[in-house]
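The values are calculated or read from the model by the stated rules, or taken from the named source; none is laboratory data. Please read all numbers here as calculations on a predicted model, not as lab measurements. Cβ atoms come from the backbone with ideal geometry, glycine included; neighbour counts cover every protein chain shown. To get the accessible areas, we keep the full protein, side chains included, count just its heavy atoms, and leave off ligands, DNA and RNA. Shrake-Rupley method; radii C 1.70, N 1.55, O 1.52, S 1.80 Å.
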Amino acid sequence: MPGPVKPMRLQKPKHLRETLAKLGGYLRRYRVLLIVAFLMVFANIAASLAGTSYLQPIIDNFLAPVKGNPTVAERLSGLARGAAVLLGIYILSCAAAYAQSRLMVYIAQHTIHDVRRDLFQHLQSLPVRYFDTRTHGEMMSRFTNDVDTLNEALQNGLTTLFSSVITIVGILALMLYRSIPLTLLTLCFTPILIFAVTTVMKRSSKYFAAQQKNLGAVNGYIEEMMTGAKVVKVFGYEERSSAEFGVRNRALQESATAAQRYAGMMMPLSRNINSINFALIAAVGGVLSAFGYLSVGGLVVFLQLVQQFSRPLTEASNQYNAVVTAIAGAERIFEVIAETPEHTNDAPDYTLVERDGAWYWQNAQHAIPVRGDVKFDHVTFGYTPEKVVLHDISLYAKPGQKIAFVGSTGAGKTTVTNLLTHFYDVNEGTISIDGIPLQKIARESLRRAISVVLQDTHLFTGTILDNIRYGRLDASEDEVIAAAKLASAHSFIMRLPQGYQTVIEGDGANLSQGQRQLLNIARAALANAPILILDEATSSVDTRTERHIEYGLDRLMQNRTTFIIAHRLSTVRESNAILVMEQGRIEERGTHDDLLALGGRYYQLYTGKLELD
């Protein structure tokens, strides 16, 4: 007896035809194997039904002979032959089922590999705007929930739905062939079974939806508390944390109890309906057999078919929901793959090339030396049309200059650097480097020409050597070490147990914030880009560590056009120009001494009369 249909919240695709067409494009690569797999499904079903049907001649000829009176020896011999034939049939059925399963595993895993590869590769090509407007959890769900449900549907759902339909048709044909009255009597119970199961499913679906919601709340709360374990301890939040967890846990318990109570009803309900059906068929069939309308073997086979009839119905109901949900997941995956990649709007005339240690902007006719001459000309920009972040910004940075941005949080400082790296396109105005508009420079080349040191460092799982080499993947070990020395990171690296081969895990959890920042600076030094952006590079370290970092930064900034974003005004004193920004506008520009003499906002900030937010 098959298990009950598992209630689930059905997620239907919005564009079924388009999604199936795209999914078919992936499956088409394995169409020969797919055809063979479905032929194996046919063979399995045919062998299984043939084995059931073959019981009739065995029973009618040797166990309850309809004709003649065979001897014991003849009966035993006939039973042995019949058993051998049945064994061969079921071996064939098992072999076909095994071959079909292996083929579908191969097809599903290779298809999922292709989908996951295309999804990941396409994500690499999407603009920063795409990631800024979506949560990490939302993106991860494409690789986890959606890919997993699609994998399950490809591996089991398609063949199960197909085999269920074929099996139902085959069983109905055999039942009608043996007894039309008994078949009609069996079919009378089918609507009763479907109605009963559907009714229970509808009532339970809201509880299963609540269970999933409460489960997500419990898991999210656990993750939040584990991540903030130190904060919980520091502020003595343990009891309150346990109490809040108890509330969420009880809600999950109540919704899960209700959901499982309904789910638990379906198996005995469907089993009892099928048992009543079986008993009634057995009684009526026994009467027909007594009057000679049906042989004993025919009745046994018919009862076997009755038992098998409900199984494909239940399996089809189960897999239908799973397949529809998987197609909805596939639709979400293909929506990501259909997003316009960043480079689509590029019409690059210039690419970055290096010759004899010098950088050039190269196009078909010219090779312009990269000097780092940056200009913003009346730039207006907003992340959304409703909210403008930068208002008519004009600024310049001459080659080798240090340009600093100071101002309140949200003033637009980081937005300036986001535009310079061409993460976003300006709404109005132009940005140029060495006289070339950014739109004419290939984005990849532009970003190779710019090194960025952020406040929030990110280190990858791997050795320190590999993490620094992320700045330039073809760098030799000697070049990596030279970059670490320039960044003042070499001494602390050599004090680590395995030096440059020390493995970093958990985003550098075994290193201090200052050490992680020094590695970030070493990475930027290795990139050897002519333009440098320092975004709050020293704001989260202590004063002593800051001096080490600034020493490395001073050497890194030599002969480079540098843009500095800083909250600590002490870090911008030596800049060639300081730009004070507020509410997306440049309020003041000048050197440290000029701005102090001006007595304006910078003076107030520097003397502590006005605090940065």
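Observations
- Average projected area [Cα convex hull, the chain], square nanometres: 40.1 nm²
- A compact globular protein would have a Cα radius of gyration near 2.2 N^0.38 Å; the ratio found for the range 87-174 is 1.60.
- Equivalent ellipsoid semi-axes, the range 234-342, via Cα gyration tensor eigenvalues times 5, rooted, Å: 51, 27, 7
- Label-point separation, Ala21 to Ile222 (7 Å along Cα→Cβ), nm: 4.4 nm
- With Cα atoms, 0 to 90° folded angle of helix 158-178 axis to the chain main axis: 10 degrees
- Net +/- balance of residues flanking Gly372 in space, Cβ distance below 12 Å, scoring K and R +1, D and E -1: +3
- Under the Debye formula (equal points on every Cα, no solvent term), log10 I(q)/I(0) of the range 388-543 at q = 0.13, 0.14 Å⁻¹: -0.68, -0.77
- Given charges at beta-carbon only (K, R positive; D, E negative), |dipole| of the range 48-121 in Debye: 80 debye
- With the charge dipole of the chain set up from +1 on Lys and Arg Cβ and -1 on Asp and Glu Cβ about the Cα centre, the Cα lying farthest toward the positive end among the listed residues Leu176, Ser310, Leu23 is that of Leu176.
- Charge dipole (the chain, unit charges on Cβ, about Cα centre) - positive-most of Gln498, Ala330, Ser241: Ala330
- The three principal axes of the C-alpha atoms in the range 456-515 carry coordinate ranges of 26, 22, 21 Å, sorted with the longest axis first.
- Carbon plus sulfur fraction of accessible area for the chain, probe 1.4 Å, in percent: 57 percent
- Size of electric dipole in the chain: Cβ of Lys, Arg +1 and of Asp, Glu -1, about Cα centre, debye, nearest 20: 2360 debye
- Spacing of the two label points (7 Å from each Cα toward its C-beta) at Asp356 and Thr190, in nm: 8.5 nm
- Using the rule -39500 (n - 2.57) for each DSSP H run of four or more residues, divided by the residues of the chain, the 222 nm mean residue ellipticity is -19500 deg cm²/dmol.
- Relative contact order of the chain, taken over Cα pairs closer than 8 Å and 6 or more residues apart, is 15 percent.
- Sorted largest first, the spans of the alpha carbon positions of the range 351-415 along the three principal axes are 45, 26, 16 Å.
- Solvent-accessible area per residue, Å², over the chain with all protein chains present [probe radius 1.4 Å]: 52 Å²
- Electrostatic bookkeeping for Leu305 treats Lys and Arg as +1 and Asp and Glu as -1; over the other residues with beta carbon under 13 Å from its beta carbon, the sum is +2.
- Projecting the Cα positions of Leu486, Phe131, Gly372 onto the charge dipole of the chain (unit charges on Cβ atoms of Lys, Arg, Asp and Glu, taken about the Cα centre) puts Phe131 furthest along the positive direction.
- Each 5 Å bin from zero holds the following percent of Cα-Cα pairs in the range 337-448: 2, 10, 20, 22, 20, 13, 8, 4, 1, 0.
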